[in-house]
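Enquirer: Have a look at this one.
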Amino acid sequence: MNRIKIAVIGASGYSGIELLKILVRHPGAELVAVTSRQYAGKTLADIFPRFRGCGPEAGLAFIAPDADAVAASGAQVAFLALPHGVASEFAIALLDRGLKIIDLSADFRLDDPAVYGEFYDHPHPAPELLKESVYGLPEVHGAAIAGARLIASPGCYPTSVLLPLIPLLKAKVIDPATITVFSMSGVSGAGRKEALPLLFCECNESLRPYSVPKHRHLSEVEQELTRAAGQPVVITFTPHLVPVTAGMLTTTCVSPAAGMGLADLDQIYADAYGAEPFIRLLGKNGTPDTKNVISTNFLDLGWAWDARAGRYVLMSAIDNLWKGAASQAIQSFNLLNQFPAVTGLQSL
């Protein structure tokens with residue numbers, strides 16, 4: 001297998017660490033550059049002892065984030081594990097130097113720069129690149145990902161919300177105006193940072209909603225739902241923080257489309273995802289559990305029919321740092337380089 005030279009920009013955050021854990025054992029990846037302002041000059045093994053003895057990558061030293069230095073490493077593909085607003089700076093510079101980009105931030109997920117400005121509170125720094133960026137949901141946009149040079153990997157909440165809904169919207173069996181979403185995320189979803197609301201004593205033994213009623217991820221969720229439905233879609237979305245490290249569970253309630261009887265959701269999902277290696281269909285009355293997806297690239301999907309209320313209940317579980325971030329980005333990397341989709345991702 002031809003090995004692709006890889007750089008990870010922002011390698012010391014939670015998503016960056018998970019990227020490294022997967023990439024060091026990926027047969028098609030050669031890690032040649034990792035960046036961190038805080039840890040420049042120190043090796044992976046110095047900062048993260050889990051990498052000791054894991055091969056030559058353990059001795060790879062962090063460098064300061066500099067586009068020329070990253071390009072000089074010979075990297076062909078760069079993963080950007082950076083905050084929104086910061087990632088775009090490096091995407092522009094590295095694209096100019098001939099690298100392909102898989103961006104885990106929100107900077108290139110939206111088609112409309114005005115929507116980006118509304119949800120992220122500042123103008124988009126490179127609106128011209130939005131025309132060519134590909135939304136990196138492999139089960140939906142796989143063909144476009146394979147030919148892209150700029151891939152915008154989805155957020156964790158959007159992944160858990162979109163994959164259950166898109167096939168049903170395309171089949172026109174649900175009413176888009178009735179979509180209500182309730183999601184729960186582990187604390188790692190907030191990133192590796194010091195913040196009072198994220199301290200152990202603040203989160204442990206506690207549940208709380210946040211970013212109500214307008215979480216930033218709503219922008220990309222509604223964009224992709226609108227694309228699938230062929231009409232504008234606005235939803236109610238309430239995220240919650242739960243006292244676990246990782247994992248995400250999403251429950252969506254939606255009514256059937258007007259005049260539609262009870263649809264065969266099992267068949268619709270089988271048609272959409274039956275050949276997809278990372279969607280596990282639990283079927284009618286199947287209930288996903290986050291413990292079954294932690295440290296995997298799987299999304300477990302079940303559903304139920306609430307006859308009393310006349311609504312479908314769709315349920316999905318993912319690891320927010322894997323399928324919701326790092327491993328999904330590597331799934332796109334596999335598509336980009338014509339590797340089998342499961343390469344480097346067969347973990348349980």
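The numbers here are math on the coordinates, done by the rules we state, and not lab data. Worth saying up front: this structure is predicted, and the values here are computed from it rather than measured. As a convention, Cβ positions derive from the backbone with ideal geometry for all residues, glycine included, and neighbour counts pool all protein chains shown.
Enquirer: Quick one: what are the phi-derived ³J(HN,Hα) couplings along region 96-101, Karplus 6.51/-1.76/1.60 with θ = phi - 60°, whole Hz, x for glycine and proline?
Expert: In residue order, the calculated couplings are 4, 9, x, 7, 8, 10 Hz.
Enquirer: While we're here: HN-Hα J couplings of region 247-252 from phi, Karplus 6.51/-1.76/1.60, θ = phi - 60°, integer Hz, Gly and Pro as x?
Expert: Using θ = phi - 60°, the values come out as x, 8, 10, 10, 10, 10 Hz.
Enquirer: I need the peptides 314-326, 139-151 ranked by packing, meaning the mean over residues of other C-beta atoms within 10 angstrom, with the highest value on top.
Expert: For the peptides 314-326, 139-151, the packing ranking is 314-326, 139-151.
Enquirer: Putting +1 on Lys and Arg Cβ atoms and -1 on Asp and Glu Cβ atoms, find which of L321, V342, A69 reaches farthest to the positive end of the dipole of the chain.
Expert: Most positive-ward Cα: V342.
Enquirer: Give me the net charge for the shell around A91: Cβ to Cβ below 13 angstrom, other residues only, Lys and Arg +1, Asp and Glu -1.
Expert: -2
Enquirer: Give me the extension gain from A143 to D46: residue separation times 0.36 nm, minus the current Cα-Cα distance, reported in nm with one decimal.
Expert: Extra length available between A143 and D46 comes to 31.0 nm.
Enquirer: Amide H of L321 versus every other amide H placed in the peptide plane: which residues, excluding those fewer than 5 positions away on the same chain, fall under 5 Å?
Expert: G247
Enquirer: Given charges of +1 on the Cβ of Lys and Arg and -1 on the Cβ of Asp and Glu, with all other atoms neutral, how large is the dipole of the chain about its Cα centre, in debye to the nearest 20?
Expert: 600 debye
Enquirer: Follow-up. Read phi for every residue in region 291-307 and hand back ³J(HN,Hα) as whole Hz from Karplus 6.51 cos²θ - 1.76 cosθ + 1.60, θ = phi - 60°, with x for Gly and Pro.
Expert: Each residue of region 291-307 in turn: 5, 8, 10, 4, 6, 9, 9, 7, 10, 8, 10, x, 8, 8, 10, 8, 5 Hz.
Enquirer: Over the Cα atoms, compute the radius of gyration (one decimal) and Dmax (the largest Cα-Cα distance, rounded to a whole number) for region 157-318, in Å.
Expert: Considering region 157-318 through its Cα atoms, Rg and Dmax are 16.0, 51 Å.
Enquirer: Quick one: go through region 144-161 and flag any residue whose amide nitrogen is under 19 Å from the point 7 Å out along the Cα-to-Cβ line of A309.
Expert: 161
Enquirer: Same structure again: Select from I4, L241, S153 the residue farthest towards the positive end of the dipole of the chain; place +1 on Cβ of Lys and Arg, -1 on Cβ of Asp and Glu, and compute about the Cα centre.
Expert: Most positive-ward Cα: I4.
Enquirer: Another question, if that's okay. Determine, for each peptide in 233-240, 299-306, the mean count of other beta carbons within 10 angstrom over its residues, then list the peptides with the highest first.
Expert: 299-306, 233-240
Enquirer: Now a separate question. Helix 326-336 sits at what angle to the longest principal axis of the chain, using alpha carbons and giving 0 to 90 degrees rounded to 10?
Expert: Helix 326-336 and the main axis of the chain meet at about 80 degrees.
Enquirer: Give me the net charge of G147's neighbourhood, meaning all other residues with Cβ under 15 Å from the Cβ of G147; Lys, Arg count +1, Asp, Glu -1.
Expert: Neighbour charge sum, excluding G147 itself: +2.
Enquirer: Considering amide H positions built from the backbone, and no H for Pro or chain starts, which residues 5 or more places from C54, or on another chain, come under 5 Å of its amide H?
Expert: none
Enquirer: Counting only helical runs of four or more DSSP H residues, what would the 222 nm mean residue ellipticity of the chain come to if each run contributes -39,500 (n - 2.57) and the total is spread over all its residues?
Expert: So the calculated ellipticity at 222 nm is -8000 deg cm²/dmol.
Enquirer: Could you size up the charge dipole of region 157-318 around its Cα centre, putting +1 on the beta carbon of Lys and Arg and -1 on that of Asp and Glu, and report it in debye to the nearest 20?
Expert: In total the dipole reaches around 200 debye.
Enquirer: If I take every Cα pair under 8 Å that is 6 or more residues apart in the chain, average their sequence separation and divide by the length, what percent do I get for the relative contact order?
Expert: Taking the mean separation of contacting Cα pairs over the length of the chain, I get 17 percent.
Enquirer: Could you tally the net charge around E276, taking each other residue with its Cβ under 14 Å from the Cβ of E276, Lys/Arg +1 and Asp/Glu -1?
Expert: Neighbourhood net charge equals -1.
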